[in-house]
Structure formats: structure tokens, C-alpha cells
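Here's the structure we're looking at; comments come further down.
What follows is calculated from the coordinates using simple rules that are stated; it is not laboratory data. Since the structure is predicted, the reported quantities are computational estimates derived from the model, not experimental observations. When we count neighbours, we look across all protein chains shown, and the Cβ atoms used for this are built from the backbone with ideal geometry, even at glycine.
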Amino acid sequence: MSVIERKFLLQVPSSTENLAIVREFLNKVGQQAGMGDDEVAKVQLAVDEACSNVIEHAYGHDSSKEVMVRVSFDHETLRIEVIDTGQGFDPSSIPRQELEELVAQRKTGGLGVRLIQKLMDEVHYEVGPGKKNQIRMIKKIAR
Amino acid sequence: MANPFRIHQSSQGDISIFKVEGYLDAHTAPEFERAIQAEIDAGRHRLIVDCEGLTYISSAGLGVFMGFIEEIREREGDIKICSLVPKVRQTFELLGFQQLYHILDSLPEAIQKFTDTPRWEG
């Protein structure tokens, strides 16, 4: 049996004002993939977090740069790649701290990475600073 | 995009109430942060954030709650959170915020909580 895969691509200037566009894009694609509202919401949040990290850390709020979001799905799986060419980001550099510790130290960093891990079924980072960095996320589609 | 995020501020006695609407993401969180900071600067440390109209929150918004809470509690105050819609509540709970904050179902309950348990005792 042949598997039909559909592919979508969104490229936006690296500015937080475009996060709403990214979320809306994921909403439309997630619906077309047949995901329920709850699953779509999780994907939107995970991709928002990944793009926010790119805008803030990889590109340092330089809106002349661009963030690319590639999405594909088949009957079972939604795959998302968030791609940038900025400074690489190594998620393992974030210490695993309890929320209480972060609060006590008045730190707020690392929450986004933590959320992505909780929201998606698989998360992979490929880091090539100045060339191509990408975070690949996979969400199984409940049928 | 018009008015993605709004804050309506009021007070009841020494409690400051922030009604937040729209979405709280990395773009809009700085506005929320400034509003909370202004309140702390004015010496007001008993805050309620009413999220009835909040449709979305990401870690940038959650970070605002985290960034101030220690300072506020050191000054004998607290931030209490109320009226979360289910989708937003899910995000708070994914990170375990219910262990760190009083999260109430309604604004009257949040106000009452300041009478019953003014300070966070863990």
C-alpha cells in the first residue's frame, strides 16, 4: 500500500510577532492531518517554543534572519522541523533542575525545552552553528 | 494582528487584580512583565492574575510568574492565579505550577484565599 505524505513549508522573519502566524500555520496543518484540538494545541505550543528559542537565542532577535518550519504528515505521524542558520543551541547545556530550584534561583530559562519534551513523542536536535541547526519533532496522530 | 494581549488592572483593598486576555507568548510577555514590575515597584505585593480571558500561554508567559514569585514572597506577598481555561491549565500543570502556586477556580475564591492563606507555605 502506498503511503501518501503531505509537506508544508513556512518561512517567517525572526521576530516574536510572527509566532502567532506559526501557531496558525500549525493549526491548519494539524487539522488537515486529522488531529484533534488537544493534539493540535500541543503541537502549536511545542513549535512556538522551538521558534521562540531560535528567535531569541540562535538569532538574538535579528529580524533580518528567517525561521523555517517544515511540516509533513502521513496517516500515522506528524513530523516538524524548525530550522535556522544561527548560533547552535545545545539543549543538554541546560541543567535538569526542579522547578522549585529554578524559582529559588530566579531563573526562568529552560522551560521551553522542558515543555517540548513533554508535548512531543520524539525530539531530536542537530546542531551546526552558523550552517544549519534543526530540531526535529514527531507527534503520533491518534486515530 | 490587533490586540493580541490585553491587561485590565484593578484593585480590591491591598490586592491588585490583573485580568489578562488574549495570548501570552514571547511577543506579549514583556508587557505583562512590565505591569507586574510596576506593581512591585509601587510596593504592592498581593497580586491575583485572573486568566479567564487568556486563550494561550507559552513558557515566556509562565516565566513571568516564575521570575517574580520569590521576590514577592520575600516581601510577604503572593501571586495567586485563577479562572484558567482548560487548555491553559494544561500548560501550567505540565510544568508542575500547581505545586508552586495557589491556582483557584474563580476570582472570588482567589480573593478569599488571600484572607485564608495570605502567604505561600508550600
Handout entry: Directionally averaged shadow of the range A:37-95, computed from the convex hull of its alpha-carbon atoms, nm²
Key = 5.2 nm²
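When only Cα pairs under 8 Å and 6 or more residues apart are kept, what is the percent relative contact order across the range B:1-111? Before the final figure, lay out the partial values.
Numbers: 182 pairs, mean separation 27.6, N = 111.
Relative CO of the range B:1-111 lands at 25 percent.
Determine the calculated [θ] at 222 nm for the protein assembly as shown from helices alone, applying -39500 (n - 2.57) to every DSSP H run no shorter than 4 residues and normalising by the residue count; nearest 500 deg cm²/dmol.
Numbers: 8 runs with 94 residues, N = 265.
When only DSSP H runs of four or more count, the value is -11000 deg cm²/dmol.
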Fill in the blank from the handout: Rounded to the nearest 5, the percent of DSSP beta bridges in chain B running antiparallel is 35 percent
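Quick test of the membrane-span-like rule: which DSSP H helices of chain A reach at least 18 Å along their long axis (C-alpha atoms) with mean Kyte hydropathy at least 0.5?
The qualifying helices: there are none.
Within 10 Å of each Cβ in A:11-19, how many Cβ atoms from other chains are there, averaged over the peptide?
Working: counts 0, 0, 0, 0, 2, 7, 6, 2, 9.
Partner-chain Cβ atoms within 10 Å, mean over residues of A:11-19: 3.
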Practice task
Ratio to report: Rg/Rh of the range A:1-86, with Cα atoms as the point set and Rh obtained by the Kirkwood method; give two decimals.
Solution key: 1.01
Practice task
Please work out how much length the chain gains when fully extended from B:ALA38 to B:GLU52, using 0.36 nm per residue of separation minus the C-alpha to C-alpha distance, in nm with one decimal.
Solution key: 2.8 nm
Practice task
Quick one: what are the phi-derived ³J(HN,Hα) couplings along the range B:41-55, Karplus 6.51/-1.76/1.60 with θ = phi - 60°, whole Hz, x for glycine and proline?
Solution key: 4, 7, x, 9, 10, 10, 10, 10, 10, 8, 9, 4, x, 7, 9
Practice task
Can you list which of the trypsin sites (Lys or Arg not before Pro) found in the range A:12-118 are DSSP loop residues with at most 12 other C-beta atoms within 10 Å?
Solution key: A:ARG96, A:ARG106
Practice task
Can you tell me the FRET efficiency between A:ILE21 and A:SER93 if r is taken as the Cβ-Cβ distance and R0 is 22 Å, rounded to the nearest 0.05?
Solution key: 0.15
Fill in the blank from the handout: Listed by chain and number, the lysines with an alpha carbon less than 23 angstrom from that of A:LYS118, same-chain partners under 8 positions apart left out, are A:LYS28, A:LYS42, A:LYS107, A:LYS139, A:LYS140, B:LYS87
Practice task
Put one equal scatterer on each alpha carbon of the range A:6-140, apply the Debye formula with no solvent term, and list log10 I(q)/I(0) at q = 0.10, 0.22 1/Å to two decimals.
Solution key: -0.31, -1.36
Practice task
Evaluate peptide B:65-71: per residue, the Cβ atoms of other protein chains within 10 Å of its Cβ; return the mean as an integer.
Solution key: 4
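Quick check on the protein assembly as shown: what does the Kirkwood estimate of hydrodynamic radius come out to from the alpha carbon pairs, in Å? The partial results should precede the final answer.
Numbers: mean 1/r = 0.0516 Å⁻¹.
Taking every pair of different Cα atoms in the protein assembly as shown, averaging 1/r and inverting gives 19.4 Å.
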Fill in the blank from the handout: Counting only DSSP beta bridges with both partners in the protein assembly as shown, the antiparallel fraction in percent, to the nearest 5, comes to 70 percent
Handout entry: Qualifying lysines (Cα of each under 23 Å from Cα of A:LYS132; at least 8 residues distant if same chain)
Key = A:LYS7, A:LYS65
Problem - Shape call, the range B:1-89: gyration tensor on alpha carbons, a/c limit 1.5 - result: prolate
Fill in the blank from the handout: Within 10 Å of the Cβ of an average residue in A:65-73, the count of other chain Cβ atoms is 0
